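Here the structure is laid out as C-alpha cells; the discussion comes afterwards.
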Amino acid sequence: MSSEAGSSEAKRVAGLDVARALAILGMVTVHFQLVMTDCTPQAQWARAMLGFLDGRPAATFMVLAGMSVAMLAGKAGRTPSAQRPIGSVLRRRGIFLLACGFINLMVWEGDILRIYGVCLLAIPSLLQVSSRALLGWGAGIVITFCIMIVFLDYGKNWDFREMHYRALCTPSGLVRSLFYDGFRSVFPWSALVVLGLWLGRMDWREDALAWRVLRWGVLLWAGSALLSIAFRAAFHGSVGPSLSHEDVIALFGLQSMPPLPLFLINATGVALITIGSCTILASRWAANYPVKALAAMGRMAFTWYVGHIIFGLGGVIVLDWLRTGPGEALCAALCFFAAAATFSMFWLRKFRNGPMESVLRWVG
C-alpha cells in the first residue's frame, strides 16, 4: 500500500465503520425475519425486536452517509490538487447510486440506494452553508413532509397487510415512492443525511464529542418514547369517528411508516447512541479481533447492502427457508453477519476497498 493510502486509512474513524456494521446487523436481522416468516413472526419477542429495529438501521445509515460526505468534502478541501472537484464526485456517485437503486427496486421494494442517490445530487449545494443553516434545512425537510401528509393520502398505493407498494410499475408511483410514500423516501429521510453533514464537520478524534453525542442520543430516544406514551394515553379517550385508534398510533407511535417527527426523533436518538458508543468502544479496543472484523465490515457496507439481498435473502429463497420460525430466522441472520464480517477482514487484507466500493470510487 502506498504512503498516501496508509495515511488515508489512518484518518478513518474506526468507530463509524463499527456503527455501519451494527446498522447492517439490524438491517439483516429485520429482512431475514420478514422474508423467512412471511412478514408475520408469531413469537412476541420477535415482534418486539422488529418493533424496536423498525427503521432504526436505515436512520443510522442515513446519518452515517451524511457524515461520510462531510468528511470527504473536508478532505478534498485540504488536498484540492489530489482530488476531483467534490461536487463532480458526489454527482457522479449520486447518478450511479440512483441507477443501482432502480435496478435493486426490481427485486427489493425496500431499496434505500435511490435516496442516497438523490441526496448526493443535492448535497453539493449545501456544502458551503453554515452549520446552523444545515440544521434549518433538515427541519425544513421534516416540516415539508408533514405538510405533504396533510394533503396527500399516504396509504393510497399501499397494501399494508402484505407490505406491498401497488404502483411501482407506474411513473407516478415511482415518483411518489421515491419522494414521499415509499418504504424509505427522500422526504423526510434526507433530513437525517443533512444531520449527518452537520455532525461530520466536527472532530471525531475527540472522545468528548462521542460522549456528548451518546448523551444526546439517550435524551432523544428516551424523551421521544415518553412523549409517545403520554400522547397516546392523552388521546386514548378521544378515539372516535374523527380520530380512530389507528390514527392515534400513526400520529403518536414510533413506527417508521409514516415517518412522522416522533419517530424521526426516536430513530435519530438510536443512531446517535450507536455512533457515539461505537466510537468510544473502538477507540479503546481498536486492536481487538471483534472490533477489527466489525470495522472491516463497515468499510464494505455498500457491498453488504447489495450482498445481503443477493446472497443472503436470495439464498433463503433458493433453499426454501420460507415460513420458518423467528428463531431460525435470527440464527440465519447472525450466521450471515458473522460470515460477512470475517470475509470482510480477510478481503481488506488484500484489497483497499470492497467490490462495490471500488466500483463507486471508479465512477466518482
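The values are calculated or read from the model by the stated rules, or taken from the named source; none is laboratory data. Treat the numbers as computed from the prediction; the structure is a model and nothing was measured. Using ideal geometry, Cβ is built from the backbone for each residue, glycine included, and neighbour counts are taken over all protein chains shown.
Some observations on this one:
- Members of region 338-364 found to be more than 14 Å from C100 (Cβ to Cβ) and among the aliphatic types (A, V, I, L, M), listed by number: A338, A339, A340, A341, M345, L348
- Enumeration of residues in region 304-327 that are surrounded by 14 or more Cβ atoms within 10 Å (Cβ to Cβ) and among the acidic types (D, E): none
- Criterion (within 17 Å of the chain's Cα centre (by Cα) and either outside the structural domain of L72 (by TED's automatic domain parsing) or in contact (Cβ under 8 Å) with a residue 60 or more places away in the chain (or both)) met by exactly one of S256, S228, S244: S256
- The lone exception for K156 - which of (1) under 16 Å from R184 (Cα atoms); (2) in contact (Cβ under 8 Å) with a residue 40 or more places away in the chain it fails: (2)
- For region 165-198, filtered to residues that are of a type in the set (S, T, N, Q) and either at pLDDT 95 or above or closer than 19 Å to I149 by Cα (or both), the residue that is surrounded by the most Cβ atoms within 10 Å (Cβ to Cβ) is S190.
- From the list W304, W285, the lone residue that is without any contact (Cβ under 8 Å) to a residue 24 or more places away in the chain and either touching a helix residue (DSSP H, G or I) at 6+ places or on another chain (Cβ under 9 Å) or farther than 21 Å from R114 by Cα (or both) is W285.
- Some residue of region 277-291 being out of contact with any Lys or Arg (no Cβ under 6 Å at 6 or more places or on another chain) and closer than 18 Å to I229 by Cβ: no
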